[in-house]
Amino acid sequence: MIYDELDLPLARFASGSEGVRGAQRDGIHPRALGTDEFLRIRLGIAPDRKVVDGVKYVLTPFRKAQEKVVDEVSTRQCRRLK
């Protein structure tokens, strides 16, 4: 399960449940999956400027430069997980 994380710098990854917020934690129903044993990955999306409206920022698509960085880092991370 991959979550966006406004508290992490852009394209930074973190794993585990530390720092997982209520909506992220509660949105996963172990009984629906049959287990609570699965990888949780947080992907940083924090911009290089202050965000006034976090919800609006999170729901806005990445700019092309941001998307390129996230794609490159995501590809490297996925290779490491194999």
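The values are calculated or read from the model by the stated rules, or taken from the named source; none is laboratory data. Here the structure is a predicted model, which means the values were calculated and not measured. Here Cβ is always computed from backbone atoms with ideal geometry, including for glycine, and neighbour counts include all displayed protein chains. Remember, those area values only see protein heavy atoms, side chains included, never the ligands or the DNA or RNA. Shrake-Rupley method; radii C 1.70, N 1.55, O 1.52, S 1.80 Å.
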Exercise. So PRO9 fits all but one of (1) modelled with pLDDT under 85; (2) open to solvent by 50 Å² or more (accessible area, probe 1.4 Å); (3) within 12 Å of the chain's Cα centre (by Cα); what number is the exception?
Worked result: (1)
Exercise. Out of region 55-75, which residues are assigned to a helix (DSSP H, G or I), at pLDDT 90 or above and surrounded by 11 or more Cβ atoms within 10 Å (Cβ to Cβ)?
Worked result: TYR57, VAL58, GLN66, GLU67, LYS68, VAL69, VAL70, ASP71, GLU72, VAL73
Seminar exercise, completed: Out of (1) modelled with pLDDT under 75; (2) surrounded by 14 or more Cβ atoms within 10 Å (Cβ to Cβ); (3) not acidic (Asp, Glu), the one HIS29 does not meet is (2)
Seminar exercise, completed: Within region 41-53, the residues that are exposed (fewer than 11 other Cβ atoms within 10 Å of the Cβ) and either in contact with a Ser or Thr (Cβ under 7 Å, 6 or more places away or on another chain) or of a type outside the set (Lys, Arg) (or both) are ASP48, VAL52, ASP53
